[in-house]
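Chemist: This is the structure, below, for whatever I ask next.
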Amino acid sequence: QVQLVESGGGLVQAGGSLRLSCVASGSIFKIYAFSRYAMGWYRQAPGKQRELVATITSGGSPNYVDSVKGRFAISRDNGKNTVYLQMNNLKPEDTAVYYCKADSLLYGSYWGQGTQVTVSS
């Protein structure tokens, strides 16, 4: 069984910051180490489709959607089976449920349950 548990969401004023965490656990990570998974953060606003926010490869290379470049930073700590999303200069349009995802070619993909981020203007 695989669990991805997000935390760190909340209510913040525009211009503020939040740091999301996603901790991965489960027997699959003993077979195929967390460090070998590509990790990603996605978000879904009410009435909209889920969209990619940022990804980080197993080698630590980040990639971002244009709307968050320069404001968000994704990182990972393989020793803690954790991926982070530092979000600075938050805007009301960043309001959404944020999900983390683990991807591997061999063992498929896994999603967390999401954490709500609300940015007030």
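The values are calculated or read from the model by the stated rules, or taken from the named source; none is laboratory data. These figures come from a predicted structure and were not determined experimentally. Every residue, glycine as well, gets a Cβ built from its backbone with ideal geometry; the counts of neighbours run over all protein chains shown. SASA here: full protein model, heavy atoms, side chains in, ligands and nucleic acids out. Shrake-Rupley method; radii C 1.70, N 1.55, O 1.52, S 1.80 Å.
Chemist: Using just the helices of the chain, give the 222 nm mean residue ellipticity in deg cm²/dmol: DSSP H runs with n ≥ 4 each add -39,500 (n - 2.57), and the total is spread over all residues, rounded to 500.
Modeler: Working: 1 runs with 4 residues, N = 121.
So the helix-based figure for the chain works out to -500 deg cm²/dmol.
Chemist: What FRET efficiency comes out for the pair ALA73/LEU106, r = Cβ-Cβ distance, R0 = 30 Å, nearest 0.05?
Modeler: On the way: r = 28 Å, r/R0 = 0.94.
For ALA73 and LEU106, the calculated efficiency is 0.60.
Chemist: In whole percent, what relative contact order does the chain give with Cα contacts below 8 Å and a gap of six or more residues? Present the calculation step by step, with values, prior to reporting the outcome.
Modeler: On the way: 285 pairs, mean separation 43.1, N = 121.
Value for the chain: 36 percent.
Chemist: Take the solvent-accessible surface of the protein heavy atoms, probe 1.4 Å, and return the percent of it on the chain that carbon and sulfur atoms account for. Please list the in-between numbers first.
Modeler: Working: 3040 of 6300 Å².
C and S fraction of accessible area: 48 percent.
Chemist: Just to check I understand the Karplus step: with θ = phi - 60° and J = 6.51 cos²θ - 1.76 cosθ + 1.60, what whole-Hz values come out for segment 45-61, glycine and proline as x?
Modeler: The phi angles translate into 8, x, x, 10, 6, 5, 10, 6, 10, 7, 9, 9, 6, 4, x, x, 7 Hz.
Chemist: Here's something else I'd like to know. Could you give the length gained on full extension between ASN89 and GLU51, defined as 0.36 nm per residue of separation minus the Cα-Cα distance, in nm?
Modeler: Values: separation 38, 0.36 × 38 = 13.68 nm, distance 1.94 nm.
The ASN89-GLU51 span can extend by a further 11.7 nm.
Chemist: For LYS30, give me every one of the aspartates and glutamates with a C-alpha distance below 20 angstrom, ignoring sequence neighbours fewer than eight places off in its own chain.
Modeler: List returned: ASP77, ASP103.
Chemist: Here is a follow-up. Can you sort ASP77, ASP66 by solvent-accessible area, 1.4 Å probe, largest first? Please report the intermediate quantities before stating the final value.
Modeler: Numbers: ASP77 50, ASP66 115 Å².
From most accessible down to least: ASP66, ASP77.
Chemist: Starting from the Cα gyration tensor of segment 30-74, take the square roots of the eigenvalues, sort them a ≥ b ≥ c, and report rounded, prolate or oblate (rounded when a/c is under 1.5, otherwise prolate if a/b is larger than b/c, else oblate). Don't skip to the end; give the middle numbers.
Modeler: Values: a/c = 3.87, a/b = 1.59, b/c = 2.44.
The shape class here is oblate.
Chemist: GLN113 versus VAL5, label points 7 Å from Cα toward the beta carbon: distance in nm?
Modeler: Between GLN113 and VAL5, the label points sit 0.9 nm apart.
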